[in-house]
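K.L.:
What follows is a structure written as structure tokens; I'll ask about it next.
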Amino acid sequence: MSRIWVTGYRAYELGVFKDNDPKVAVLKYALKQRLVEQLEQGMDWLITGGQPGVELWAADLATELKADYPQLQLAVFVPFEDFGKNWKEANQAKLAKAKSQADFFAATYKGDYQGPFQLQGYQDFILEHSDGAVLVYDKDFEGKPAYDDRAMTTFQEKAPYPVNRIDMEDLQEYANDYQEAINEEKWNS
């Protein structure tokens, strides 16, 4: 696999309203572990969207990982051109940062939001132009990623499409690992 779609919960769905929330560090730690696995298996494109939360955290991580994996490219796609224009200024800045860091940026539809068909078309486009996914989603904790999960499952009926899911149990294990790493770092200081 070379092109991996990374998506998942929006920040608000995880109760994250500030960048310094400890949950962000754990989520980025978990994502980084999974992305390194993907890189070791040949990923050279990380494809993500512009939603605040998992998608923009993944874009940040891609930029960070390029230091050790210079072959890694970042593509950021949004469902329409004016995506994010009504967001709070801080979230607009995060999207602008992801756009500026991306090796490729595009909207799947020209113009403003016109209807749900654009979101469906966006999913279809990403599925057709990726070789697998990393999805932060747990079926027991509904949220917007349920739509992506269903789209991926439907797509898997037509073509091989591996989905590497990170659920709440995985996140708890990563939280424990992250805390151990911090404690070890403090101990060794």
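The values are calculated or read from the model by the stated rules, or taken from the named source; none is laboratory data. Predicted, not measured: the structure shown is a model, and the values here were computed from it. Note that we place each Cβ from the backbone using ideal geometry, even for glycine, and neighbour counts take in every protein chain shown.
K.L.:
Is it the case that Q71 is farther than 18 Å from T7 by Cβ, surrounded by fewer than 17 Cβ atoms within 10 Å (Cβ to Cβ) and modelled with pLDDT of 95 or more?
P.N.:
Yes; evaluated as a whole, the condition is true for this residue.
K.L.:
Can you report the number of residues in segment 20-59 which are surrounded by fewer than 23 Cβ atoms within 10 Å (Cβ to Cβ), closer than 18 Å to L171 by Cβ and of a type in the set (D, E, K, R)?
P.N.:
Within segment 20-59, residues that are surrounded by fewer than 23 Cβ atoms within 10 Å (Cβ to Cβ), closer than 18 Å to L171 by Cβ and of a type in the set (D, E, K, R) number 6.
K.L.:
Take T7 and decide whether it is free of Cβ contacts under 8 Å to residues at least 60 places away in the same chain and hydroxyl-bearing (S, T, Y).
P.N.:
no
K.L.:
To continue, here is another question. Restricting attention to segment 55-102, which residues are in a helix (DSSP H, G or I), out of contact with any Pro (no Cβ under 9 Å at 6 or more places or on another chain) and of a type in the set (S, T, N, Q)?
P.N.:
Answer for segment 55-102, where residues must be in a helix (DSSP H, G or I), out of contact with any Pro (no Cβ under 9 Å at 6 or more places or on another chain) and of a type in the set (S, T, N, Q): T63, Q92, S100, Q101.
K.L.:
Of everything in segment 170-189 that's in contact (Cβ under 8 Å) with a residue 24 or more places away in the chain and of a type in the set (D, E, K, R), which residue is surrounded by the most Cβ atoms within 10 Å (Cβ to Cβ)?
P.N.:
D170
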